[in-house]
Amino acid sequence: MNTALEILQERGFIKQCTDLEALDALMGTGPVKFYVGVDPTGKSLHVGHMVPFFAMHHMQEAGHSPIALVGGGTSMIGDPSGKSEMRQMLTIEQIQENAQAIQKQLARVVDFDESRGAGKAVMLNNYDWLGGLNYIEFLRDIGKHFSVNRMLTFESYRQRLERGLSFIEFNYQLLQSFDFLTLFRNEDCRLQMGGDDQWGNIVAGVELIRRTERKECFGLTFPLVTRSDGKKMGKTEKGAVFLDPELFSPYDFFQYWRNVADADVVRFLKMFTFLPIEQIDELGKLKDAEINRAKEILAYEQTKIIHGVEEADKAIEAARAAFSVSGSAAVDKEGLPSIEIEASLLDEGINVLDLFVMTDLCKTKSDARRLVQQGGAVINDQKVDTIGLIIDAARVVDGEMMLRAGKKRYFRVIVRS
RNA sequence: GGGGAGGUUCCCGAGUGGCCAAAGGGGGCAGACUGUAAAUCUGUUGGCGUUGCCUUCGAAGGUUCGAAUCCUUCUCUCCCCA
């Protein structure tokens, strides 16, 4: 039987730990409460946020108790770690709202259900103890444990010193450490996990607890997940790969994973799916074109976790249909993004450019014009390269038209009669 | 509070009176090559009614036949001094 840490290790989740052996020993003696911070700065998480929560999942599976800590108080301040801009400050109401939306998304990976009993995940908000903090007391009890000299040696602050760092941002580390201390006191939380950019803050928390409570707690960080093509994880030209299907369709979500670089497949399978490690190793042996099978599995599993089995099935079918040799042959196209238009619109015909702009394929008519000029516009597998072309009902097949921009972007236009 | 340097298109960054919808790079999009990969090469990259017109160079005014470029005021950022 693998311990939780071994599982994390073999799946590539561990970057640094304050004391791996001691932590392993502690976790061997029984369930351990641990926490991960969540930013409530948006109403949806995106895949770049998910690493800690997948780790949380494995920890929970192994019997430990997760706490998702919403940074309601801290996000009203801004964290300087690695960021060049000050964070936008939010109102308590916005944060509350975001936190609820986020919890729903987390529930796809972590179990918040009451029926789970002791091991269930809980969500707390640090606004509860930061909101009414007394400045003098805080300085006296917490502030005295921090050395400015030491803090200035932290890489994250060093960088910011060059660009400018406001005093409240500088305090972030104290607040995060105080969070850990509070969770330790109130919940007996012994471990904080987070991205590697949080290392400094996490260690600061461990030290604070050691000084004030004379107890050893632990910190563990995850590697910053990058894509081997150098792009940021979870970012696309269209913006972040959100988990919210309203913001990022399940089909596009599937495609995002389907299109990861070869070099990333195994790593991502380990971190972002729950497939057994043996199966992943097998998939890792695939070479060249074969590796596409592994990518498809990655995309399917990930979509299944986040959007559910039905959406995953639709997405994989749609993708297969769209990319099969026969082009957009009549297979299941359910999962493709689509719009509906009135049949009457086609009575007089509609300009190709306008048609493409109606879909999400082109943003402006100039954009559409370029697409057509460069030969990237396709309707029902027929290239359209005439700018003024009028599209009418003759193009409709089985009540719809399948538009394509370039090789990969599809869009269904469903004609309502 | 005093002094200095700046704010240019998605980003970085050139441009100091007309040749500027604005160099170059990055990124994006499209094409070729492929495996729905990477790398590479080519084209393209403000909008529209496209041999033209409209909006854009922090904001508002002004000078000028003509301004991203000059002047005034405002505003924001950074640096130095207090």
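The values are calculated or read from the model by the stated rules, or taken from the named source; none is laboratory data. These numbers come from a predicted model, not from an experiment. Because the Cβ atoms are built from the backbone with ideal geometry, glycine has one as well, and the counts that use them run over all protein chains shown. Surface areas here come from the heavy atoms of the whole protein model, side chains and all, with no ligands, DNA or RNA. Shrake-Rupley method; radii C 1.70, N 1.55, O 1.52, S 1.80 Å.
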Does A:Lys304 meet the test of being more than 10 Å from RNA strand B (Cβ to nearest atom) and under 17 Å from the mean Cα position of the chain (by Cα)?
yes
Any idea how many residues of the range A:284-296 are assigned to a helix (DSSP H, G or I), surrounded by fewer than 20 Cβ atoms within 10 Å (Cβ to Cβ) and within 12 Å of RNA strand B (Cβ to nearest atom)?
7
Tell me, which residue of the range A:374-383 that is over 32 Å from the mean Cα position of the chain (by Cα) and near RNA strand B (Cβ under 8 Å from one of its atoms) is most open to solvent (accessible area, probe 1.4 Å)?
A:Gln374
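From the set of residues in the range A:351-373 that are open to solvent by 20 Å² or more (accessible area, probe 1.4 Å) and part of a loop (DSSP other than H, G, I, E, B), which is farthest from RNA strand B (Cβ to nearest atom)?
Kept after step one, since they are open to solvent by 20 Å² or more (accessible area, probe 1.4 Å), are these residues of the range A:351-373: A:351, A:354, A:357-358, A:360, A:363-367, A:369-371, A:373.
So of that shortlist, the ones also part of a loop (DSSP other than H, G, I, E, B) come out as A:360, A:363-364.
Details: A:Asp360: 12, A:Lys363: 7, A:Thr364: 3 Å.
My answer is A:Asp360.
One residue is enough: does the range A:336-350 have a residue meeting the conditions near RNA strand B (Cβ under 9 Å from one of its atoms) and buried (at least 21 other Cβ atoms within 10 Å of the Cβ)?
No, every residue in the range A:336-350 fails to be near RNA strand B (Cβ under 9 Å from one of its atoms) and buried (at least 21 other Cβ atoms within 10 Å of the Cβ).
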Which of the residues that make up the range A:201-216 are out of contact with any helix residue (DSSP H, G or I) (no Cβ under 6 Å at 6 or more places or on another chain), part of a helix (DSSP H, G or I) and surrounded by fewer than 20 Cβ atoms within 10 Å (Cβ to Cβ)?
A:Val203, A:Glu207, A:Arg210, A:Thr212, A:Glu213
Inside the range A:18-29, can you point out the residues that are part of a loop (DSSP other than H, G, I, E, B) and over 30 Å from the mean Cα position of the chain (by Cα)?
A:Thr29
In the range A:112-128, what residues are open to solvent by 50 Å² or more (accessible area, probe 1.4 Å) and modelled with pLDDT of 90 or more?
A:Tyr127, A:Asp128
Contact list please: Cβ distance under 8 Å, first residue in the range A:351-372 and farther than 19 Å from A:Tyr410 by Cβ, second residue more than 8 Å from RNA strand B (Cβ to nearest atom) and of a type in the set (Val, Ile, Thr), pairs at least six apart or on different chains.
A:Asn351/A:Ile390; A:Asn351/A:Ile391; A:Arg369/A:Ile387
Residue, nearest to A:Glu61 (Cα to Cα), within the range A:268-282, restricted to residues that are crowded, with 21+ Cβ neighbours inside 10 Å and free of Cβ contacts under 8 Å to residues at least 60 places away in the same chain:
A:Thr273
Within the range A:384-405, restricting attention to residues that are buried (at least 21 other Cβ atoms within 10 Å of the Cβ) and assigned to a strand (DSSP E or B), which residue is farthest from RNA strand B (Cβ to nearest atom)?
A:Met401
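Can A:Gly388 be described as of a type in the set (Gly, Ala, Ser) and at positive phi?
Working: of a type in the set (Gly, Ala, Ser): yes; at positive phi: no.
The answer is no for A:Gly388.
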When residues of the range A:250-267 are limited to those that are more than 12 Å from RNA strand B (Cβ to nearest atom) and open to solvent by less than 30 Å² (accessible area, probe 1.4 Å), the one farthest from A:Arg412 (Cα to Cα)
A:Phe253
If I filter the range A:22-41 down to residues being open to solvent by 50 Å² or more (accessible area, probe 1.4 Å) and farther than 20 Å from A:Asp196 by Cβ, which single residue comes out as modelled with the highest pLDDT?
A:Lys33
Please work out if A:Glu348 is farther than 19 Å from A:Arg412 by Cβ and in a loop (DSSP other than H, G, I, E, B).
yes
Exactly one condition in (1) surrounded by 21 or more Cβ atoms within 10 Å (Cβ to Cβ); (2) without any contact (Cβ under 8 Å) to a residue 12 or more places away in the chain is not met by A:Gln176; state its number.
(2)
Which numbered condition A:Ala118 misses (of (1) away from RNA strand B (no atom under 16 Å from the Cβ); (2) of a type outside the set (Lys, Arg); (3) in contact (Cβ under 8 Å) with a residue 60 or more places away in the chain; (4) not in a helix (DSSP H, G or I))
(4)
